[in-house]
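Novice: Before anything else, here's the structure in question.
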Amino acid sequence: MRDTLGLERIVGVVVVVLAVAVVTLRDPVIGGGLMLFVAGLALIAKGVAASTMRAFGLK
């Protein structure tokens, strides 16, 4: 996993998960909404990356 993601991205994911956990401990409803927001951003980023790769003929 470290070879494909790199150490910086793994640390970034850990920081995001910890931030959502802290918010969820304070208010579970806000934490749930924040997690849905982060998941939506991830899906958008995946779609943009796939579209860009197709545009360059890489996929």
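Novice: Just to be sure I understand the filter: pairs with C-beta atoms under 7 Å, separated by 6 or more residues or on different chains, first member in segment 1-13 and among the aliphatic types (A, V, I, L, M), second member at pLDDT below 85. Which pairs pass?
Specialist: Once the first residue is among the aliphatic types (A, V, I, L, M) and sits in segment 1-13, its partners that are at pLDDT below 85 give Ile10/Arg2.
Novice: Could you list, in sequence order, the residues of segment 14-31 that are surrounded by 11 or more Cβ atoms within 10 Å (Cβ to Cβ) and either touching a Lys or Arg at 6+ places or on another chain (Cβ under 6 Å) or in a helix (DSSP H, G or I) (or both)?
Specialist: Selection gives Val16, Val17, Ala19, Val20, Ala21, Val23, Thr24, Ile30, Gly31.
Novice: May I pose another question? With the checklist (1) on the phi > 0 side of the Ramachandran plot; (2) touching a helix residue (DSSP H, G or I) at 6+ places or on another chain (Cβ under 6 Å) in hand, flag the one item Gly57 doesn't pass.
Specialist: Here Gly57 clears every test but (2).
Novice: Could you tell me whether any residue of segment 32-44 is without any contact (Cβ under 8 Å) to a residue 60 or more places away in the chain, assigned to a helix (DSSP H, G or I), surrounded by 11 or more Cβ atoms within 10 Å (Cβ to Cβ) and touching a Leu at 6+ places or on another chain (Cβ under 8 Å)?
Specialist: Scanning segment 32-44, I find no residue that is without any contact (Cβ under 8 Å) to a residue 60 or more places away in the chain, assigned to a helix (DSSP H, G or I), surrounded by 11 or more Cβ atoms within 10 Å (Cβ to Cβ) and touching a Leu at 6+ places or on another chain (Cβ under 8 Å), so the answer is no.
The values are calculated or read from the model by the stated rules, or taken from the named source; none is laboratory data. Please read these numbers as outputs of a predicted model, since none were measured by experiment. Cβ coordinates were reconstructed from backbone atoms using ideal geometry, including for glycine residues, and neighbour counts include every protein chain displayed.
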